[in-house]
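Asks: I have a structure I would like to understand better, so I am pasting it below and will then ask my questions one at a time.
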Amino acid sequence: MEIKKVGVLGCGLMGSGIAQVAAMAGFDVTSLEVEQKFLDKGFAGIEKSLAKFAEKGTIKETPQAIRARLKGTTKKEDLADCDIIVEAVIENVEEKKKMYSALDAIVKKEAIFASNTSSISITELLTAAKRPERFIGLHFFNPVPLMKLVEVVRTIATADEVYETAYEFGKNLGKVPVRTSDKTGFIVNRLLVPYMLDAIRAYEEGVGSIEDIDQAMKLGCGYPMGPFTLLDFVGLDTTYYITHVMYDEFKERRFASPPLLKRLVMAGWYGRKSGRGFYDYADPANPKPNKL
Ligand code: CAA
């Protein structure tokens, strides 16, 4: 099966990034949102990112030529002839299922349904549509235009041909696909989440300061960001949500939220996006660790 037309559900941080890389790779893309204002915000981010790439000479086409392959819509019917639908809506099982159920009646039968969820079971999501063999996970990483990886997630119901088509699609997007199966957290979050939670526990136990733990992991391990900078970047609310799904699945302490993470989330300190998390972003170019 050949993929030509891509539908992306949600035009937030991840959805707009996925739409952008698909358009950059030459696909015709339609992004679906509930309101025009969300499309406007997502597309403004895409234009900024494309301008940055153009300035650096990393894209062969003009930003305008890439942008011309991107359409935004608030009508589900406009996705009817897409070959693949990549869903990147809010991490909420019921919201995602509602979306899949509505689109199943509209989008052509041969189309592949993919989810960008980071922790929700793909098998649970596929029950919302009547195409279990054509349902997979495609998990991208933030910031999507820069991060090279995509996890291609197979369920017990996925047809081989569908899986290979999705794997090739990942390559055609300019990403490096890895094969994984529908176990909560897939590969990256299975390893990354306990690492980030351990950093919080180490801080709670007085092993080091927020800044020193970050420096240690950056300079000692060559990671691009220390764990607290990364937690603030991913979003503490998102991480907290993931801990629940992972703890529920495995019942292991390493996936459970440390008390400090819970308190930060309760206080509305979600990290970079809310201006405050482990660091304070009053001056975004010069974040200061909070006293926690
Ligand atoms: N589009 C185009 N250019 C962009 C961009 C975007 N969306 N975002 C950043 N850039 C540019 C910056 O403007 C900057 O350009 P200049 O060099 O001209 O200033 C350049 O890319 C490098 O960015 P920075 O200088 O800000 O910082 P950096 O060198 O540290 O790179 C990074 C940024 C790629 C994000 C790097 O820090 C990194 O790899 N961090 C780790 C990110 C990570 O682990 N992500 C995964 C999170 S987990 C997840 O997403 C999954 C989940 O399920 C929770």
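Asks: Restricting to bridges with both residues inside the chain, how much of the DSSP beta-bridge set is antiparallel, in percent to the nearest 5?
Replies: If I count the DSSP bridges inside the chain, around 25 percent turn out antiparallel.
Asks: Still on this model: Accessible area of the stretch 189-289 with a 1.4 Å probe: how many percent of it is carbon plus sulfur?
Replies: 55
Asks: Still on this model: Pick from VAL153, VAL245, VAL29: which is most flexible by mean-square fluctuation in a GNM of the chain where alpha carbon atoms under 10 Å apart are linked?
Replies: With Cα springs under 10 Å in the chain, the top fluctuation among VAL153, VAL245, VAL29 is at VAL245.
Asks: In nanometres, what is the gap between the two model label sites at THR62 and ALA80, each 7 Å from Cα along Cα-to-Cβ?
Replies: Simple spin-label model gives 3.4 nm for this pair.
Asks: Among all the aspartates and glutamates, which ones have a C-alpha under 16 Å from LYS48's C-alpha, if same-chain residues fewer than 8 places away are not counted?
Replies: List returned: ASP40, GLU61.
Asks: Relative contact order for the stretch 7-153: what percent, with Cα pairs under 8 Å and sequence separation of 6 or more?
Replies: With pairs under 8 Å counted, the relative contact order is 25 percent.
Asks: Relative to the first principal axis of the alpha-carbon coordinates of the chain, what is the inclination of helix 236-250, with its axis defined by its Cα atoms, in degrees from 0 to 90 and to the nearest 10?
Replies: 80
Asks: Given the convex hull of the Cα atoms of the stretch 150-292, what is a quarter of its surface area in nm²?
Replies: Averaging across all directions leaves 10.1 nm² for the Cα convex hull.
Asks: Here is a follow-up. Please report the spacing between the Cα centers of the stretch 146-182 and the stretch 81-141 in Å, no decimals.
Replies: Their Cα centres are 14 Å away from one another.
Asks: Could you pull out every one of the lysines with an alpha carbon less than 16 Å from that of LYS60, ignoring same-chain neighbours closer than 8 positions?
Replies: Once the sequence-local lysines are set aside, what remains near LYS60 is LYS52.
Asks: Give me the accessible area per residue for the stretch 1-93, probe 1.4 Å, as a whole number in Å².
Replies: On a per-residue basis, the stretch 1-93 sits at 50 Å².
Asks: Suppose we keep just the DSSP beta bridges with both residues in the stretch 24-178; what percent of those would be antiparallel, to 5?
Replies: Antiparallel bridges: around 20 percent, rounded to the nearest 5.
Asks: What whole-number value in Å² describes the accessible area per residue of the stretch 189-289 for a 1.4 Å probe?
Replies: Accessible area per residue: 53 Å².
Asks: Give the carbon-plus-sulfur fraction of the accessible surface of the stretch 25-107 in %, rounded to a whole number; probe 1.4 Å, heavy atoms of protein chains only.
Replies: Roughly 52 percent of what the probe reaches on the stretch 25-107 is carbon or sulfur.
Asks: Could you name the lysines in cross-link range of LYS291, using Cα to Cα under 25 Å and dropping any fewer than eight places away on the same chain?
Replies: Partners within reach: LYS218, LYS262, LYS273.
Asks: Have a look at ALA129, ALA22, ALA54 and tell me which one the Gaussian network model of the chain (Cα, springs below 10 Å) gives the largest fluctuation.
Replies: For the chain, modelled as a Gaussian network with Cα springs under 10 Å, the answer is ALA54.
Asks: For the chain, find the longest principal axis of its Cα atoms and tell me its angle to the long axis of helix 160-172, 0 to 90°, nearest 10.
Replies: That works out to roughly 70 degrees.
Asks: Which residues' amide hydrogens lie under 5 Å from the amide hydrogen of SER115, considering only partners 5 or more residues apart or on another chain, with H built in the peptide plane?
Replies: GLU87, ILE136, GLY137, LEU138
Asks: With no solvent and one point on each alpha carbon, what is the Debye value of log10 I(q)/I(0) for the chain at q = 0.06 Å⁻¹?
Replies: The Debye formula, applied to the Cα set alone, gives -0.20.
Asks: If you line up the long axis of helix 36-56 against the longest principal axis of the chain, both from Cα atoms, how many degrees apart are they, to the nearest 10?
Replies: That works out to roughly 80 degrees.
The values are calculated or read from the model by the stated rules, or taken from the named source; none is laboratory data. Since the model is a prediction, treat every value here as computed from it, not as a measurement. A quick note on method: Cβ atoms are made from the backbone with ideal geometry, for glycine too, and the neighbour counts reach across all protein chains shown. The protein model used for the area step is the full one, side chains on, heavy atoms only, and it has no ligands, DNA or RNA in it. Shrake-Rupley method; radii C 1.70, N 1.55, O 1.52, S 1.80 Å.
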